[in-house]
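The values are calculated or read from the model by the stated rules, or taken from the named source; none is laboratory data. Please read all numbers here as calculations on a predicted model, not as lab measurements. Cβ: placed from backbone, ideal geometry, glycine included. Neighbour counts: every protein chain shown. Surface areas here come from the heavy atoms of the whole protein model, side chains and all, with no ligands, DNA or RNA. Shrake-Rupley method; radii C 1.70, N 1.55, O 1.52, S 1.80 Å.
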Amino acid sequence: MVRSWKKRLIVAACAVAVATTGWAPAALAAPAPDPNRARIDTVIHGSAQQTTLIVWSGAMRKLIPVNVLRPRNTKKPAPTLYLLNGAGGGEDTATWGAKTQYAKFFSDKHVNVVTPIGGAFSYYTDWQRDDAVLGRNKWQTFLTKELPPLVDKEFATTGKNSVAGISMAGTSVLNLAIAAPRLYKSVAAYSGCARTSDPLGQTYIRMVVAGRGGADLDNMWGPVNSAGWRANDPYLNAAKLRGTKVYMTSGTGLPGWYDRLEAPLIAGDPMTLANQVVLGGVIEAAVNECTKQMAQRLRALKIPHKVLFRPDGTHSWGYWERDLKTTWPMIAADLK
């Protein structure tokens, strides 16, 4: 932009002052960002339909990468699907981007698909205390209060949102919808356990947070069986889902179509197949029981929901990709 001669003179004078004395007028100095306020720090355009936001979280005092799939027509406002990764938080190779063709699937859909990278083993919740291993986790605050306004402003969305997640995040998305009852039109939990304060749910959470994450479980919601655990139990707080469409999926744990040597993600590796069938089968069988209990709870409360019980299938990506594609038409209708 061409400056006027007066403006050029002011800028030149300031440059001389800075060079000779170190002085800088307060009116021209850039204000320091408020560390308590969330903001978009950097926008990286990877391609026409893929953008990465580097977002500063005031709640967690750190920068968080956020992947965004954009619709082809970016001039027309689009709704937003927040799509969460599993236990690794997208920090490992078990991600929607690495394990599925989700980018191709959404390439012709008029929606923004937002996936944060981070939050491994955190349950995407607000922890009561900082942890020596996992640090500060205020993911519920980030996902429900900090990130959505930034996404809406950056991309001029319709303001309509849904949220979906797998495995660990299959629990988290239900709690997010409970915490922010008017934020999401619908919530989809793929192979998530909706019980967090009963022995089965507690065992599963301990395996993720303490077993895989190496964290002190008491730092999350307090001691097991305390009020914090009950406050974060979607089953106990299911009445707060009223007004939000609920979709849940799970398999039985028995080997299915994607549990074969020739399956794309098995790639002929017997060890990978054995792990998926044995460990993935046990986990999915437990998740299946959680899902049945949550479905009964929602029926008793007369809260609209749809549950897709597969006759087989382990705790693995092939099924989650299929679940996403199966539930998407319903989610898309909710976002209109």
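I'd like the residue in the stretch 101-134 that is among the small types (Gly, Ala, Ser) and within 18 Å of the chain's Cα centre (by Cα) and, out of all such residues, is farthest from LYS62 (Cα to Cα). I'd like the intermediate steps shown before the answer.
So in the stretch 101-134, the residues among the small types (Gly, Ala, Ser) come out as 103, 107, 118-120, 122, 132.
Now restrict to residues that are within 18 Å of the chain's Cα centre (by Cα): 103, 118-120, 122.
Values: ALA103: 27, GLY118: 11, GLY119: 12, ALA120: 15, SER122: 15 Å.
Restricting to residues being among the small types (Gly, Ala, Ser) and within 18 Å of the chain's Cα centre (by Cα), the top hit is ALA103.
Quick one: is VAL209 open to solvent by less than 30 Å² (accessible area, probe 1.4 Å) and either in contact with a Leu (Cβ under 7 Å, 6 or more places away or on another chain) or in a loop (DSSP other than H, G, I, E, B) (or both)? Steps first, answer last, please.
Details: open to solvent by less than 30 Å² (accessible area, probe 1.4 Å): yes; either in contact with a Leu (Cβ under 7 Å, 6 or more places away or on another chain) or in a loop (DSSP other than H, G, I, E, B) (or both): yes.
The answer is yes for VAL209.
Within the stretch 212-262, work out how many residues are without any contact (Cβ under 8 Å) to a residue 60 or more places away in the chain, open to solvent by less than 60 Å² (accessible area, probe 1.4 Å), over 22 Å from GLY165 (Cα atoms) and touching a helix residue (DSSP H, G or I) at 6+ places or on another chain (Cβ under 7 Å).
Residues meeting the conditions: 1.
Of all the residues that make up the stretch 45-63, how many are loosely packed, with under 12 Cβ neighbours inside 10 Å and not polar (S, T, N, Q)?
So in the stretch 45-63, the residues loosely packed, with under 12 Cβ neighbours inside 10 Å come out as 45-48.
Subset that is not polar (S, T, N, Q): 45-46, 48.
Result for the stretch 45-63: 3.
Identify all residues within the stretch 291-317 that are touching an Asp or Glu at 6+ places or on another chain (Cβ under 9 Å) and either open to solvent by 10 Å² or more (accessible area, probe 1.4 Å) or within 18 Å of THR171 (Cα to Cα) (or both); write none if there are none. It would help to see each step written out before you state the result.
The first filter runs over the stretch 291-317 and keeps only residues touching an Asp or Glu at 6+ places or on another chain (Cβ under 9 Å), leaving 293, 308, 310, 312-316.
Answer for the stretch 291-317, where residues must be touching an Asp or Glu at 6+ places or on another chain (Cβ under 9 Å) and either open to solvent by 10 Å² or more (accessible area, probe 1.4 Å) or within 18 Å of THR171 (Cα to Cα) (or both): GLN293, LEU308, ARG310, ASP312, THR314, HIS315, SER316.
Taking the stretch 64-81 only, how many residues are open to solvent by 10 Å² or more (accessible area, probe 1.4 Å) and not in a loop (DSSP other than H, G, I, E, B)?
Just the residues of the stretch 64-81 that are open to solvent by 10 Å² or more (accessible area, probe 1.4 Å), to begin with: 65, 67, 69-70, 72-77, 79.
Within this subset, residues satisfying the condition of being not in a loop (DSSP other than H, G, I, E, B) are 65, 67, 69.
Number of matching residues: 3.
State all residues of the stretch 178-201 that are in contact with a strand residue (DSSP E or B) (Cβ under 7 Å, 6 or more places away or on another chain) and among the basic types (Lys, Arg); if no residue qualifies, say none.
LYS185
Go through (1) in a helix (DSSP H, G or I); (2) buried (at least 21 other Cβ atoms within 10 Å of the Cβ); (3) of a type in the set (Ser, Thr, Tyr) one by one and return the number of the condition THR326 breaks.
(2)
Restricting the search to the stretch 263-276, which residues are polar (S, T, N, Q) and open to solvent by 70 Å² or more (accessible area, probe 1.4 Å)? Spell out how you get there, then give the answer.
First, pick out the residues of the stretch 263-276 that are polar (S, T, N, Q): 272, 275-276.
Across the stretch 263-276, the qualifying residue is only ASN275.
Give the residue, chosen from ASN288, ASN225, that is of a type in the set (S, T, N, Q) and in a helix (DSSP H, G or I). Talk me through it step by step, then tell me what you get.
Working: ASN225 fails: in a helix (DSSP H, G or I).
Going through ASN288, ASN225 in turn, the sole match is ASN288.
Scan the stretch 182-205 and give yes if some residue there is at pLDDT 95 or above, assigned to a loop (DSSP other than H, G, I, E, B), surrounded by fewer than 17 Cβ atoms within 10 Å (Cβ to Cβ) and of a type outside the set (Asp, Glu), otherwise no.
No - not one qualifying residue is present in the stretch 182-205.
So which of ASP92, ASP126, ASP131 is in contact with a strand residue (DSSP E or B) (Cβ under 7 Å, 6 or more places away or on another chain), of a type in the set (Asp, Glu) and either under 24 Å from ASP233 (Cβ atoms) or modelled with pLDDT under 95 (or both)? Break it down stepwise before answering.
Working: ASP92 fails: in contact with a strand residue (DSSP E or B) (Cβ under 7 Å, 6 or more places away or on another chain); ASP131 fails: in contact with a strand residue (DSSP E or B) (Cβ under 7 Å, 6 or more places away or on another chain).
Answer to the check: ASP126.
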